[in-house]
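Undergrad: Can you read through this structure? Questions will come right after.
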Amino acid sequence: MSTAPGATRSPVPLVTGAIVAAFSLVPLMYVVDATVAMGTGDLWDLLVRPRVGELLGNTAALLVGTVAVTLVIGVATALAVVRTDLPWKPLWHALLAAPLAVPAFVNSYGWVSMTHDVQSYAGAVLVISLSYYPLVYLPVVGSLAGLDAGPEEVAWSLGRSRRRTLFTVVLPRLMPAVLGGALLVALHVLAEFGALQMLAFQTFTTAIYGQYRSAFASDGGTVLAGVLVACCLLLLVVEMLLRGRRRLWRLGRGAGRPPEPVRLGRARLPLVAALIAFAGLSLGVPFAALVRWTAVGSSTEFPLGELGRALGSTLGLATAGAALTTVLALAPAWLAVRTRGPVGMFLERCTYVANAMPGIVVALALTYFSIRLLPGWYQTVPVLIAAYAILFLPRAVVSVRGSLEHAPPVLEEVSRSLGQSGFATLRRVTVPLVSPGLGAAIALCFLAASTELTATLILAPTGTRTLATEFWSHSSAVQYGAAAPYAMLLILVSLPATVLLARQVRPRSSA
Amino acid sequence: MSAVTVTGLSKSYGDHPVLRGLDLEVPEGSITAVLGSSGCGKSTLLRIVAGFVRPDAGTVTIGGREVEGPRARVAAQRRGVGYVPQEGALFPHLSVGRNIVFGLPRAERRGPALARLMELTELPADLADRYPHELSGGQQQRVALARALAPGPSVVLLDEPFSSLDAGLRVSAGRTVARALRQAGATALLVTHDQGEALSLADRVAVLRGGRFVQVGSPDQVYDAPVDAEVARFVGGGSLLDGTVRNGRAETELGALELAQAAEDGAAVVVVRPEQLEIHAPGTGVDATVVEVDYYGAQVVVLLELPSGTHVTARGPAARPPRPDDKVGVRVDGTVRAHPAGEDL
């Protein structure tokens, strides 16, 4: 029986949701407004030139390379960890998720400070893939662990080989997770600034930053930003089309029964060796570099005062950013879960578009609008925090939405029928059910904000230094030793979120 | 005196009318079942009484107080109704004990009420510290009932409370719940699509069809004297045969049958209950072919095809069950009811 709509509906979530959606579309408004202001002639001249073609080629090549490599690594490692009788699975799961705790620009620093050979296309694909493959690995593990063995066993009984079953029965059901992971990798690659700058590989994002540095908010930068945003939106659309109706594929009630693990037999030792070698590349190289530069670097020093100040301002900014982001996420998430109407879905989708907005574009948009509308606010803390909110709103909406789904309306109705007022119901039922998810949302946004580099470089008030910007200024001045302590703090700060994410999915169901 | 009175209740979703001018009285201390197929609007009725949904027109009175109507609207939390939704909807973050005392004032939550309610609903006392996910479906349902009864509501509303339980559990859970409701002296309004549940648990059954009550009465009234052929088919599972009433008998394919109640002469729909159809060797009664046999241990339900192609259902002891495609003879035992043909169903 369908659930009837509620008796009374307050307009507050809808109005708030509309404001939040408009806020998250600020970067898009900037691109449109600045492009329209330019006039078609200028726009055409700036758009159609060899430089744009070269950047497009570079960006596309990097995108294709990293997405392909991360898909292969992510799916293969997930299959090894979930579906085989590999020993020490929890250890491998932890090691395979761990690169998430190393910001990509720190990983690049590790590689570049060891060998300049990575400053090439192949090097960029390698280093970026090693940083971002967990974005494929984690959702695929989650999806695989919940997959019921039934269809596979049916396929075997119908005479399909294990290999053909893998490709025709298992992988198609993993497609939503694989596509979602590939989209995340692609958007991260488009938005990546620090790592690619260090790897000396030019893409739209690094070019926009260069333009901003040399000519501030110039038309050239705006056009590049427009192309970058168009690429991001294109990816969103492609992923939605590819996913199509697959989203409707849901598992039945309860967790699936996992199939018997594949016996590795003689392949066991080589697989363990391969995983060790892989961990050496993804974790060993950056850590070796950190240890080496901390120990022997001539510029190494531990300026405790400066480190403390950078840590303090990082924690302060990240806390404010996370709190604002989570509060803003409440209305769209509520609309999506509770009203399920077309307007609610539309508003929630608007915040999803912000997913595709690279930090550099968000930063330029806020620069553009603050200089035009609120001149006193340029490079102030509130504008920087607004940038964090726009950047991290999509992931906060996803977490908050998930947490709201733990509090179905029927529980509130039962509470009302037991004589509890709206406020008492909120306090005794809704908040206790929702708060773990809200906590996770705040934690995720906090950690994302504390390692954010691009927008912080552009928007931070003069004199405000965060761990990421301090690390950046030292490492780009080739003071590798001085950068090392900041890199370590960045990893420490990222660790809790990584543990949280790795724990959300487990190689084996707890049964 | 009625615990709940509903008059002229109407509700539409968009252009789709769900309830059309509904009237119902739930007597104090009774268990009243609203019986209807899915989508007939019975859950909507319950949600209107509970105060979760506003009707388009009509009034609802609970315990003599008008809670819904042109003059008044009382919020759900001030109506004093207990609500037991489908699948129980226990608060997952609270232990069984804290679920049960949820609706009590803070001072009374630690008192003797918990032990009394758990005993009433036949829950072992050691379950109090468990969490809902550790309970079986039947236990969850009883916790939900104990929680609803705790504040002493004027009426308990149960929305398909047993539909999520498996068949065996459903009967025993239903009996426990009915016993607890009677012992607590509570008034209950139960909504269900399961006629067995309605007939066995309730004092009164109200049959809902097309947004209206077509019959309200005791279980035996509804079963033995259905107001029309459709109610007979829905409540008793009877087969419908076309026939003609003449000289106080109904002439049908199964012969001229004795009427339980006088009916007007003319074309009629005749209801034959499954337990009235006797299966014999071919030659006795009317010839028929066995289509399907459902074996239930002590009983068999046999679907038969008559020479005209009409299907009828027979139920009887499983001593020597027939097989599909067997030729048998069937005869009707006892009296039947005839309803004028062409009645708007």
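Undergrad: Take the residues of segment A:30-64 that are acidic (Asp, Glu) and more than 24 Å from A:Leu187 (Cα to Cα): which is least open to solvent (accessible area, probe 1.4 Å)?
TA: The qualifying residue least open to solvent (accessible area, probe 1.4 Å) is A:Asp42.
Undergrad: Here's a follow-up. Return a yes/no flag: does segment A:286-309 have any residue that is buried (at least 21 other Cβ atoms within 10 Å of the Cβ) and closer than 24 Å to A:Thr430 by Cβ.
TA: no
Undergrad: Among the residues of segment B:88-102, what is the count of those that are at the interface with chain A (Cβ under 9 Å from one of its Cβ atoms), at pLDDT 90 or above and open to solvent by 10 Å² or more (accessible area, probe 1.4 Å)?
TA: Number of matching residues: 0.
Undergrad: Shifting gears a bit: Here are A:Leu393, A:Leu411: which of them is of a type in the set (A, V, I, L, M), touching a residue at least 24 places away in the same chain (Cβ under 8 Å) and buried (at least 16 other Cβ atoms within 10 Å of the Cβ)?
TA: Answer to the check: A:Leu393.
Undergrad: Could you check segment B:91-114 and list, in sequence order, the residues that are polar (S, T, N, Q) and part of a loop (DSSP other than H, G, I, E, B)?
TA: If the condition is that a residue be polar (S, T, N, Q) and part of a loop (DSSP other than H, G, I, E, B), then B:Ser95 is the only one that fits.
Undergrad: If you don't mind, another one. With (1) open to solvent by 10 Å² or more (accessible area, probe 1.4 Å); (2) under 15 Å from the mean Cα position of the chain (by Cα); (3) within 14 Å of chain A (Cβ to nearest Cβ) as the list, and B:Leu157 as the residue in question, which single condition is left unmet?
TA: (1)
Undergrad: Are any residues in segment A:455-488 among the aliphatic types (A, V, I, L, M) and open to solvent by less than 40 Å² (accessible area, probe 1.4 Å), and if so, which ones?
TA: A:Ala455, A:Leu457, A:Ile458, A:Leu459, A:Ala460, A:Leu467, A:Ala468, A:Ala482, A:Ala483, A:Ala484, A:Ala487
Undergrad: Does B:Thr244 qualify as being over 32 Å from the mean Cα position of the chain (by Cα) and assigned to a strand (DSSP E or B)?
TA: Spelling it out, it is not the case that B:Thr244 is over 32 Å from the mean Cα position of the chain (by Cα) and assigned to a strand (DSSP E or B).
Undergrad: Of the conditions (1) outside any loop (DSSP other than H, G, I, E, B); (2) open to solvent by less than 40 Å² (accessible area, probe 1.4 Å), A:Glu452 clears all except one; give me its number.
TA: Result: A:Glu452 fails condition (1) only.
Undergrad: Still on this structure: Looking for whichever is surrounded by fewer than 24 Cβ atoms within 10 Å (Cβ to Cβ) and within 14 Å of chain A (Cβ to nearest Cβ) here; the options are B:Arg106, B:Arg110. Which one fits?
TA: B:Arg106
Undergrad: What's the total number of residues in segment B:1-28 that are in a strand (DSSP E or B) and surrounded by fewer than 17 Cβ atoms within 10 Å (Cβ to Cβ)?
TA: 11
Undergrad: Now for a separate question. Being free of Cβ contacts under 8 Å to residues at least 12 places away in the same chain and under 22 Å from A:Ala34 (Cα atoms) is the requirement here; does A:Pro382 meet it?
TA: Against the criterion (free of Cβ contacts under 8 Å to residues at least 12 places away in the same chain and under 22 Å from A:Ala34 (Cα atoms)), A:Pro382 does not qualify.
Undergrad: Filter segment B:66-87 down to the residues that are modelled with pLDDT under 90 and charged (D, E, K, R), then identify the one that is most open to solvent (accessible area, probe 1.4 Å).
TA: B:Arg71
Undergrad: Can I ask one more? Could you tell me whether any residue of segment B:78-87 is within 10 Å of chain A (Cβ to nearest Cβ), without any contact (Cβ under 8 Å) to a residue 24 or more places away in the chain and more than 19 Å from the chain's Cα centre (by Cα)?
TA: Checked segment B:78-87: at least one residue is within 10 Å of chain A (Cβ to nearest Cβ), without any contact (Cβ under 8 Å) to a residue 24 or more places away in the chain and more than 19 Å from the chain's Cα centre (by Cα).
Undergrad: Kindly list the number of the only condition in (1) more than 18 Å from the chain's Cα centre (by Cα); (2) of a type outside the set (Gly, Ala, Ser); (3) over 23 Å from A:Gly17 (Cβ atoms) that fails for A:Thr456.
TA: Among (1) more than 18 Å from the chain's Cα centre (by Cα); (2) of a type outside the set (Gly, Ala, Ser); (3) over 23 Å from A:Gly17 (Cβ atoms), the lone unmet condition for A:Thr456 is (1).
Undergrad: Return the residue satisfying two criteria in turn: it lies in segment B:29-62 and is more than 23 Å from B:Gly196 (Cα to Cα) and more than 11 Å from every other protein chain (Cβ to nearest Cβ), and of such residues it is surrounded by the fewest Cβ atoms within 10 Å (Cβ to Cβ).
TA: Residue satisfying both the conditions and the ranking: B:Asp56.
Undergrad: Return the total of residues in segment A:83-107 being of a type in the set (A, V, I, L, M), surrounded by fewer than 24 Cβ atoms within 10 Å (Cβ to Cβ) and assigned to a helix (DSSP H, G or I).
TA: 7
Undergrad: Would you please name the residue that is nearest to A:Thr77 (Cα to Cα), looking only at residues in segment A:108-148 that are in a helix (DSSP H, G or I) and aromatic (Phe, Trp, Tyr)?
TA: By that ranking, first place goes to A:Tyr137.
Undergrad: Further question: Could we say that B:Glu119 is open to solvent by 10 Å² or more (accessible area, probe 1.4 Å), more than 10 Å from every other protein chain (Cβ to nearest Cβ) and within 13 Å of B:Ala184 (Cβ to Cβ) here?
TA: yes
Undergrad: Also, quick follow-up: Which numbered condition in (1) within 30 Å of B:Pro92 (Cα to Cα); (2) modelled with pLDDT under 85 is the only one that A:Gln379 fails?
TA: Only one criterion is unmet by A:Gln379, namely (1).
Undergrad: Could you say which residue among B:Arg249, B:Arg204 is crowded, with 19+ Cβ neighbours inside 10 Å, of a type in the set (Lys, Arg) and touching a strand residue (DSSP E or B) at 6+ places or on another chain (Cβ under 6 Å)?
TA: B:Arg204
Undergrad: Name the helices (runs of 4 or more DSSP H) wholly inside segment A:173-273 in which the number of residues that are at pLDDT 80 or above and closer than 21 Å to A:Pro394 by Cβ is 2 or more.
TA: A:204-215, A:219-243
Undergrad: Within segment B:314-344, track down each residue that is farther than 16 Å from B:Val269 by Cα, open to solvent by 40 Å² or more (accessible area, probe 1.4 Å) and part of a strand (DSSP E or B).
TA: B:Arg315, B:Pro317, B:Lys327, B:Arg331
Undergrad: Is it true that A:Ser421 is within 12 Å of another protein chain (Cβ to nearest Cβ), out of contact with any strand residue (DSSP E or B) (no Cβ under 7 Å at 6 or more places or on another chain), modelled with pLDDT of 85 or more and surrounded by fewer than 20 Cβ atoms within 10 Å (Cβ to Cβ)?
TA: Taking the combined requirement at face value, the residue satisfies it.
Undergrad: If you scan segment B:284-298, which residues turn out to be assigned to a strand (DSSP E or B) and open to solvent by less than 60 Å² (accessible area, probe 1.4 Å)?
TA: Of everything in segment B:284-298, those that are assigned to a strand (DSSP E or B) and open to solvent by less than 60 Å² (accessible area, probe 1.4 Å) turn out to be B:Val286, B:Ala288, B:Thr289, B:Val290, B:Val291, B:Val293.
Undergrad: Have a look at A:Ala97, A:Ala155 and point out the one that is in contact (Cβ under 8 Å) with a residue 40 or more places away in the chain and of a type in the set (Gly, Ala, Ser).
TA: Only one candidate passes the filter, namely A:Ala97.
The values are calculated or read from the model by the stated rules, or taken from the named source; none is laboratory data. Values in this document were obtained by computation on a predicted structure and should not be read as measured data. Using ideal geometry, Cβ is built from the backbone for each residue, glycine included, and neighbour counts are taken over all protein chains shown. Heavy atoms of the whole protein, side chains included, go into the accessibility calculation; ligands, DNA and RNA do not. Shrake-Rupley method; radii C 1.70, N 1.55, O 1.52, S 1.80 Å.
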